[in-house]
1. Which of the residues belonging to region 44-73 are among the small types (Gly, Ala, Ser) and either out of contact with any Asp or Glu (no Cβ under 9 Å at 6 or more places or on another chain) or within 12 Å of Phe126 (Cα to Cα) (or both)?
2. Taking Phe100 and the conditions (1) at pLDDT 90 or above; (2) touching a Phe, Trp or Tyr at 6+ places or on another chain (Cβ under 9 Å), which numbered condition does it fall short on, given that it satisfies the others?
3. Only one of Ile87, Ile61 is surrounded by fewer than 17 Cβ atoms within 10 Å (Cβ to Cβ) and among the aliphatic types (A, V, I, L, M); which?
4. Criterion first (of a type in the set (Val, Ile, Thr), over 30 Å from Tyr51 (Cβ atoms) and surrounded by 13 or more Cβ atoms within 10 Å (Cβ to Cβ)) does Thr81 satisfy it?
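The values are calculated or read from the model by the stated rules, or taken from the named source; none is laboratory data. Here the structure is a predicted model, which is why all the values come from computation and not from measurement. FYI the Cβ positions are ideal-geometry reconstructions off the backbone, even for glycines, and counts take in every protein chain you see.
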Amino acid sequence: MKSFNYCNLLKKILLFTTFISCSAFSQNTTKISPKKAAILSASCPGLGQIYNKKYWKTPVIYLAFGGTLYYYFEHDNKYNTYKNAYIARTDDDENTIDNFSNYTNNNLITLQDYYRDARDLSGLIFFLIYILNIVDASVDAHLMSYNINDNLSLNLKPNRLDYQFETLNLSLTYNLSK
């Protein structure tokens, strides 16, 4: 008798899970979480955009990262070149070869400062692109749930009156009928 009750209980559990899984698969649950998009984008840039199904944004993000990294290392190399040239000129060693004999010491210091500032700016832009990547993924996930259709419109019309100045009318229309 116990095995019979066990089989009936097993049948009921299987039947119950079948009904639950059918109803769960029939619902459209494609809600995109802004928090998850931001976390994905913070962990790997571009992953939040892929999660939001905005695939075209990922190569743009990586191109921006690549460009800023290229300029960062380029300016860092030039900074180190002019810094080493200044150090070599002022080390009081007669065996040192001066590759920048057409520059004065002040010119070398000025070039060194310029390329250091440009390198730091490239690093700052890299950081800002990283933050913008996270903000873009989060905002895009927030805006996925908004219904944008033709029932909402914004019209800007210049209004010319007999006065000497022009006015601008701003009207926002929302159509409630479908």
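1. Residues satisfying the conditions are Gly46, Ala64, Gly66, Gly67.
2. For Phe100, the exception is condition (1).
3. The unique qualifying residue is Ile87.
4. Spelling it out, Thr81 is indeed of a type in the set (Val, Ile, Thr), over 30 Å from Tyr51 (Cβ atoms) and surrounded by 13 or more Cβ atoms within 10 Å (Cβ to Cβ).
Residues checked against (1) within 11 Å of the chain's Cα centre (by Cα); (2) hydroxyl-bearing (Ser, Thr, Tyr); (3) outside any helix (DSSP H, G or I):
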| site | (1), (2), (3) |
| --- | --- |
| Tyr55 | no, yes, yes |
| Thr68 | no, yes, no |
| Asp76 | no, no, no |
| Asp93 | no, no, yes |
| Ile97 | no, no, yes |
| Tyr103 | no, yes, yes |
